[in-house]
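Student: Sharing a structure below in structure tokens format, with a few things to ask.
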Amino acid sequence: MTSKHRAAVLGSPIAHSLSPDLHRAAFAALGLDGWRYDRFEVDEAGLPGFLAGLDEAEWAGLSLTMPLKRAVIPLLDEVSATARSVDAVNTVVFTADGRRTGDNTDVPGLVNALRERGITEVPEAAVLGAGATASSALAALAQICSGEVTVYVRSPERAREMAELGERLGVAVRTADWARGAEALARPLTVSTTPVGATDGFAAALPGAPGALFDVLYHPWPTALAAACAERGATVLGGLDLLVHQAVLQSEAFTGRTPGPLAAMREAGEQALAGQ
């Protein structure tokens, strides 16, 4: 039996993270009684020292949130193609032979969450925002969107970055001004990757029959945009869908047990949010 039995989420700030609730539920569902999952406040400056201080013989892996997803890359022995494509690692696994490997479960997690709701292919799509989560969204859409992805951005610099990412991912990207963001919902699928409140103004300007919305926020929920889309009969996914599906993939990587306990992890996430 492996001696690896520890995992944790790192980031700054980190107190709000639901990852401990999800992964502890996974360990319980899998009967891994001796396993621990913690959270640690770690910023970019503290990350090298934190990793150096770990006894990797007992650590299975780490979940990473902002601002560590890019900072960790130089500290790893191997990085997956998916993580390289978006320049972001959210999962570190400590292998039996002593290597640190990095992966990104946000991208396949987003694809899996959409698949669970019956969305496996769309002819076109839109992304609201152009930050790190938007990069993962674009990488996911590269797998399921057969046509153009329109990205609504606030600055020419962001527009260039997303267009360049689209070229690397092999997806046709068109950029549009943020002020026109309500138009996004006329497409079959829109992924909103913006902070709380950023899309509230679009809720009153929706097209008559909005397409599916994947809003990556989970607290507070629903967002004004998600609520408005749901009222008009659209399929709506939220941040908990993404969080749970990416965490299931992390659990599988940490424990080697597949499939990960999706239902147990979702229930734990719902209970944690209800208690906030």
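Student: What is the distance in Å between the Cα centres of segment 128-153 and segment 165-213?
Tutor: 9 Å
Student: Where Rh is the Kirkwood radius over the Cα pairs of the chain, the temperature 20 °C and the viscosity 1.002 mPa s, what D in µm²/s does Stokes-Einstein return?
Tutor: Details: Rh = 19.2 Å.
Value of D from the Cα-based Kirkwood radius: 112 µm²/s.
Student: For segment 120-234, what value does the Rg/Rh ratio take when both radii are computed over Cα atoms and Rh is the Kirkwood radius, given to two decimals? All intermediate terms of the calculation are to be shown ahead of the outcome.
Tutor: Values: Rg = 12.9 Å, Rh = 13.8 Å.
When Rh is taken as the Kirkwood radius, the ratio is 0.94.
Student: Rounded to a whole number, what % of the accessible area of segment 120-234 do carbon and sulfur atoms account for, probe 1.4 Å? Don't skip to the end; give the middle numbers.
Tutor: Details: 2420 of 4970 Å².
Carbon with sulfur: 49 percent of the solvent-accessible area.
Student: Show that you can apply the helix-only estimate: for the chain, add -39,500 (n - 2.57) for every DSSP H stretch of four or more residues, divide by all residues, and state [θ] at 222 nm to the nearest 500. Kindly include the intermediate steps, with their values, before the conclusion.
Tutor: On the way: 9 runs with 100 residues, N = 276.
About -11000 deg cm²/dmol.
Student: If you add up the charges near Lys69, with Lys and Arg at +1 and Asp and Glu at -1, over every other residue whose beta carbon is less than 14 angstrom from its beta carbon, what do you get? Working shown, then result.
Tutor: Values: positive: Arg70, Arg84; negative: Asp43, Glu44, Asp87, Asp103, Asp106.
Cβ neighbours under 14 Å give a net charge of -3.
Student: Next up: Taking amide H positions as placed 1.01 Å from N in the peptide plane, with prolines and chain starts having none, which residues 5 or more places from Val127, or on another chain, fall under 5 Å of its amide H?
Tutor: Sorted by chain and number, the residues that satisfy this are Thr150, Val151, Tyr152, Val191.
Student: I'd like to compare 265-274, 169-178, 236-245: which one has the highest average count of other Cβ atoms within 10 Å, and what's the full order after that? Walk me through the intermediate numbers first.
Tutor: Working: 265-274: 17.5, 169-178: 16.0, 236-245: 23.2.
Sorting 265-274, 169-178, 236-245 by mean packing, highest first, produces 236-245, 265-274, 169-178.
Student: Moving on to the next point. What distance in nm separates the simple spin-label points at Gln276 and Asp43, each placed 7 Å from Cα in the Cβ direction?
Tutor: Taking the two extended label points, one gets 2.3 nm.
Student: Given the options Ala15, Ala234, Ala139, which has the most mean-square fluctuation in a GNM of the chain, springs set between C-alpha atoms less than 10 angstrom apart?
Tutor: Taking springs between Cα atoms under 10 Å, the residue moving most is Ala15.
Student: Could you tell me what percent of the DSSP beta bridges with both partners in the chain are antiparallel, to the nearest 5?
Tutor: Antiparallel bridges: around 20 percent, rounded to the nearest 5.
The values are calculated or read from the model by the stated rules, or taken from the named source; none is laboratory data. Note that the structure is a prediction, hence the values are computed from the model and not measured. Positions of Cβ are generated from backbone atoms using ideal geometry, with glycine treated the same way; all protein chains shown enter the neighbour counts. Quick note on the areas: whole protein, heavy atoms, side chains included, nothing else; ligands and nucleic acids left out. Shrake-Rupley method; radii C 1.70, N 1.55, O 1.52, S 1.80 Å.
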